[in-house]
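To start, the structure itself, in structure tokens.
The values are calculated or read from the model by the stated rules, or taken from the named source; none is laboratory data. In this text, all values refer to a predicted model and were calculated from it rather than measured experimentally. No Cβ is skipped: glycine too gets one built from the backbone with ideal geometry, and neighbour counts run over all protein chains shown.
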Amino acid sequence: MNFNFNDIVMQEALHNDPEFLVIVGKQKTGKSTILAELSRKHNFLILDTQSGYNQKVSKKIDLIGIDYPMDMKWIEGYRKLTEEREIALKAGDRATIDEIDERLKKAKYWEHRKRPENTAKNSVVLKDLLEFYETNEFPYDGIIIDLMSHFDEWLEEYMMREHCRNNPDHIISKKGKPAKDGKSVVKELTSEFGSPGYQLIKDGFRDLMVELKKKCKRIIGVFHIADKYLKESDKIYEIDPKKLNIRGSLSDFILSEADAACWISKDDDNVCTLNFNSNKSLIDARCPHLYNQDIIISEYKITIPENSDEKEKTKIIEAARKKYPNLVDCHWERVFTYLA
């Protein structure tokens, strides 16, 4: 091995931007406003899980899941084959059993998905996007997923497909019996890790993040805070900042995967702040320029003369609110330094 261990030198510290940023806040704190501006001005694609964005002011598409449900026609075909095999087994018909076993090997129902008939034309699943950019260049600077809280349910459905790949008979068990939409099969996800299968869900989230990061350099996930952790005060520092609105240990796991996570707060002057401060943030940011910082991310596009007193400042701000109710000045270069 031709390696000189005496030649190891320190590298200059990098001013790195977050690849995966988590933004958490209550409703009506300005999340959608600042993210729409990021999309419009800096070429971020919004994956909207709740149809909350106006396509006229942002680049967005409706996201309805990670993948489509398994096709019930194929599930039913597999179930019938197992019933025929059971009859042949009782009759001792070895030839029929061998024939059905070969057909069962080919009846890979988990590989067949079906787009629901009532799905809107502009709605997609995450797999659609990943498959499209396998053969097409990704033109966006990043992706915004708002809200990412839906991934809890979606991951359970998505990982059921992987579970059935290795446990195909689960689909015909009492716990795995599917409903007409093919979704109820996920409600009793079993695995070697326990009944809820949380480890499978975590593995699924990590795999999806790996695939997304191959396509784009920057991902923003938006969450609400879990309601049971809200307290009777509007002050941001009085809210327990440790749990996302997502169940179980998946909340902690998502935060461990993030490069930075922050609270968003808005004051009486509609100035929005991203709180990376260690007293308020969910985790310590790995990015040096965000660590322990409170960053003003947006404010009204108004200029207040330096010699204005408080009364004059208030008058100017109130006039701006009436004239420009939705016009804000965003400072995303303070988070993503490549924009500066």
Looking across region 62-81 at residues that are β-branched (Val, Ile, Thr) and at pLDDT 90 or above, the single one that is farthest from ASP169 (Cα to Cα) is ILE64
Mind checking which residues of region 46-71 are surrounded by fewer than 19 Cβ atoms within 10 Å (Cβ to Cβ), under 22 Å from ARG165 (Cβ atoms) and more than 19 Å from the chain's Cα centre (by Cα)? ASP71
Out of curiosity, is SER58 touching a Ser or Thr at 6+ places or on another chain (Cβ under 7 Å) and touching a residue at least 24 places away in the same chain (Cβ under 8 Å)? no
Exclusive hit being modelled with pLDDT of 85 or more, in a helix (DSSP H, G or I) and over 15 Å from the mean Cα position of the chain (by Cα), set LYS214, LYS228: LYS214
Restricting the search to region 72-97, which residues are touching a residue at least 60 places away in the same chain (Cβ under 8 Å) and out of contact with any helix residue (DSSP H, G or I) (no Cβ under 7 Å at 6 or more places or on another chain)? MET72
Keeping to region 130-143, report how many residues are part of a helix (DSSP H, G or I) and closer than 13 Å to LYS213 by Cβ. 2
Hey, among the residues in region 265-282 that are touching a residue at least 60 places away in the same chain (Cβ under 8 Å) and either of a type in the set (D, E, K, R) or touching a Leu at 6+ places or on another chain (Cβ under 6 Å) (or both), which one's surrounded by the most Cβ atoms within 10 Å (Cβ to Cβ)? LEU282
Enumerate the pairs (first residue in region 147-166 and over 30 Å from ALA36 (Cβ atoms); second residue anywhere and among the charged types (D, E, K, R) and assigned to a helix (DSSP H, G or I)) with beta-carbon separation below 9 Å, excluding pairs fewer than 6 apart on the same chain, so at least 6 apart or on different chains. MET159/ASP203; ARG161/GLU111; GLU162/ASP203; ARG165/GLU111
